[in-house]
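None of the figures in this text is laboratory data; all of them are computed from the coordinates on show. This one's a predicted model, so the numbers in the text were calculated from it and none came from an experiment. Counting neighbours? That spans all protein chains shown, and the Cβs are built from the backbone with ideal geometry, glycine included.
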Amino acid sequence: MLVETQRSPKLLATGTILKLKRVSQGFGIAIGGLCLILLLLRLAGCSRTYVGGYQVSPDKKCTVWGRIYGAYGRPFVEHTSKTFSIYITLDDPGQTRVFQKKYRVRGGDMGWYATWIEHTNLVVVLTEIPPGNDWRNAGRDAIPKQYHLLEKIYTYDEKARVFREVRK
C-alpha cells in the first residue's frame, strides 16, 4: 500500500486522462449508434406505398399503365393526398409513350380500372375503396359510383399518334 500512495501526481493525472479517454470514446460510440438508429427510423418513415397495374387494349395495340402513390410516411389506406400517375404506350418494340399525366386526389384506400373501346378510346376510373372491400376487386360493378374520385376519357389521334384527354 505504501508503494501506491507514493505515486507521483503526474502518473496519477496520466492514468485519470486515460480513463476519461476510454469513457468518452464509449460515450461517442453510444451517441453515434443512437444517431444512426434515429436516422434509419426517420428514413423508414419517408417511404411511400403505391399500387398499380396495367391493362392491354382488346386488339393488343396499346397498354394503359396506372399507379397511385400514397403520402410519404403515412399508411396508404389513411385519408391523405395521393398522386395518380397514368401513361399509355403503343405495343411496339420501343413501347412508345403516347400519353402521360399525373392527377392529385385526396382519399383513403384507392384503386383504378380501365375500359377500352377498341384501341382508340379509353375510360379510366379512379375510385376510393369502401371499407371492407379489397382494392384488387375494384372493378366496374364492385364499387358504387359515389366512390368514384376521377373519371377520365382518352381518345387516340391517329395523325399525331397520341392520346388526348377528352373534356366532359
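Results, tabulated for the structure shown:
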quantity	calculated
Extension gain from Lys60 to Tyr72, taking 0.36 nm per residue of separation minus the Cα-Cα distance	0.8 nm
Which listed pairs, of Lys82/Lys145; Lys61/Lys159; Lys61/Lys152; Lys61/Lys101; Lys102/Lys145, have C-alpha distances above 25 Å, in listed order	none
Inter-label distance, nm, simple model (7 Å from Cα along the C-beta direction), Lys101/Ala160	1.1 nm
FRET efficiency, Ile153 to His79 (Cβ-Cβ, R0 22 Å, nearest 0.05)	0.25
Mean Cβ count within 10 Å, highest first, over the residues of peptides 149-162, 85-98, 103-116	103-116, 85-98, 149-162
